[in-house]
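Structure record follows, encoded as structure tokens.
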Amino acid sequence: MTSELAGLIARRIALAGPISLADFMAEALGHPRLGYYRRAAPLGAAGDFTTAPEISQMFGELVGAWLADRWQAMGRPAPVRLVELGPGRGTLMADALRATRGVAGFHAAIDLHLVETNEPLRAAQRAALSSVRPTWHERFDGVPAGPLLLVANEFFDALPVRQFHRTPRGWVERMVGLAADGSLRLALAPGITPFSALLGDAPPGAEAEISEAGRSLAAAIGARIGRDGGWALIVDYGVPEAGRAASLQAVRGHRGADILDRPGETDLSAHVDFTALAAAAGVPCFGPVSQGDFLRRLGIERRAAVLKERAPAVQRRAIDAALARLIGPDQMGTLFRVLAVGDTRSAAPAGFAEPPSDAT
Ligand SMILES: C[S@@+](CC[C@H](N)C(=O)[O-])C[C@H]1O[C@@H](n2cnc3c(N)ncnc32)[C@H](O)[C@@H]1O
């Protein structure tokens, strides 16, 4: 099966030669008319995937508490630029704001900025966050200067990656070219890649990925925090070996698909290389820790118990199921990881170290 965008990409390759997987991913997700993240809402049961804030209100509530805590640690600046990258339906931010209504002065200080390219999702965010009048941007660079509090859940995994394969001759890049019948196909570039110095040594057969977009965004966030102060919380897919494997995957209708199949109609994502992001940020970072450890340390089990106290039996079971999905080691608990980018070398923020024991 093919798509209109596949035809446009094939024409570009016929005219100008094979493109990198990063260029293919940028087109497939970001093409102004046909890109996956430009079209009607992809999230939720009817879409291609579900995210942590859509699984339970507890996720956004605890992230909100974390952001409010960091705002206090920063000396309660007003205004503070509260930024979310890729806010989806606005669920995380709505839950975060509801949970922090009681934090004296916090809401009055917030100047909310949302980085989002998808028009249908912007409309959903407008509806979910109507009381706080956000400002939207196409890119992080558009957010005005000033102390920063930033959150990004499942954003970096959608940024384009280049992919490399180690041959006996050295590292070569995996490209998207054309098969004899004119369809898209993967092929290795004939020459050694200039990225070899970044990739280091590895045995033949090894795979690697680099997200230049992810690294430059992390550098921009780090530079902003270094200059104006602030904190960023990045939550995403990312096993420890991310960057040293070929992780790019395609999902359509909650099922795996071929990477090149129906670009524009298929979600593409890659594991996030948190080590590379932390290095690019150039300011102190904490983590990555697993999402399970992060949420448990912030008290998700206590929060679930409180919600269950007031809930009927069927809802109590749903809360237990959501909790297991968010922190279970066989579910999102270990597959997702959390990195904090900060402006201080003081103690680790909440969630990044075991809290003091309750024992007195
Ligand atoms: C996987 S969804 C995650 C949504 C939300 N954070 C959540 O957890 O439910 C990715 C989000 O990032 C947005 N997005 C993806 N690529 C983007 C880009 N290059 N620039 C701005 N927004 C982008 C999508 O439209 C969507 O809102």
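Structure notes:
- The requirement of being of a type outside the set (D, E, K, R), within 25 Å of Ala322 (Cα to Cα) and in contact with a Pro (Cβ under 8 Å, 6 or more places away or on another chain) is satisfied by Met93.
- Single residue of the range 99-121 satisfying the filter (part of a helix (DSSP H, G or I) and surrounded by fewer than 20 Cβ atoms within 10 Å (Cβ to Cβ)) that is farthest from the ligand (Cβ to nearest atom): Ala108
- Screening the candidates Ala40, Ala28 for the property of being more than 30 Å from Gly230 (Cα to Cα), among the small types (Gly, Ala, Ser) and modelled with pLDDT of 95 or more yields one hit, Ala28.
- The set of residues in the range 248-258 being touching a Phe, Trp or Tyr at 6+ places or on another chain (Cβ under 8 Å) and surrounded by 15 or more Cβ atoms within 10 Å (Cβ to Cβ) consists of Val251 alone.
Each row is one residue, and each column tells you yes or no for (1) under 21 Å from Phe352 (Cα atoms); (2) not hydrophobic (A, V, I, L, M, F, W, C).
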site: Ala206; (1), (2): no, no
site: Ser216; (1), (2): no, yes
site: Ile225; (1), (2): yes, no
site: Gly229; (1), (2): yes, yes
site: Asp236; (1), (2): yes, yes
site: Ala245; (1), (2): no, no
site: Pro263; (1), (2): no, yes
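- Filtered residues of the range 122-173 (kept if basic (Lys, Arg) and surrounded by 15 or more Cβ atoms within 10 Å (Cβ to Cβ)): Arg122, Arg162, Arg166
- Cβ-Cβ contacts under 8 Å between residues 6 or more apart (or on different chains), taken from a first residue in the range 176-193 that is without any contact (Cβ under 8 Å) to a residue 40 or more places away in the chain to a second residue that is part of a loop (DSSP other than H, G, I, E, B), are listed as Ile192/Arg169.
- Members of the range 122-134 that are more than 16 Å from the ligand (Cβ to nearest atom) and not small (Gly, Ala, Ser): Val132, Arg133
- Condition check for Pro77: touching a residue at least 24 places away in the same chain (Cβ under 8 Å), part of a loop (DSSP other than H, G, I, E, B), out of contact with any strand residue (DSSP E or B) (no Cβ under 8 Å at 6 or more places or on another chain) and not β-branched (Val, Ile, Thr): yes
For (1) closer than 21 Å to Tyr37 by Cα; (2) away from the ligand (no atom under 16 Å from the Cβ), each residue gets a yes or a no:
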| position | (1), (2) |
| --- | --- |
| Leu149 | no, no |
| Leu159 | yes, no |
| Ala187 | no, yes |
| Gly205 | no, yes |
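- Scope the range 78-94; condition within 11 Å of the ligand (Cβ to nearest atom) and not hydrophobic (A, V, I, L, M, F, W, C); matching residues: Glu84, Gly86, Pro87, Gly88, Arg89, Gly90, Thr91
- Pick from the range 259-288, criterion among the hydrophobic types (A, V, I, L, M, F, W, C) and under 30 Å from Ser3 (Cβ atoms), ranking: nearest to the chain's Cα centre (by Cα): Val272
- For beta carbons closer than 7 Å, sequence separation of 6+ or different chains, a first residue in the range 114-137 that is assigned by TED's automatic domain parsing to the domain that holds Gly86 and a second that is in a helix (DSSP H, G or I) and away from the ligand (no atom under 13 Å from the Cβ), the qualifying pairs are Val132/Leu97.
- Which listed residue, of Arg133, Arg166, is over 30 Å from Phe59 (Cβ atoms) and in contact with a strand residue (DSSP E or B) (Cβ under 8 Å, 6 or more places away or on another chain): Arg166
The values are calculated or read from the model by the stated rules, or taken from the named source; none is laboratory data. Only a predicted model underlies this, so the values are computations on that prediction, with no experimental measurement involved. Every residue, glycine among them, receives a Cβ derived from its backbone with ideal geometry; neighbour counts consider all protein chains shown.
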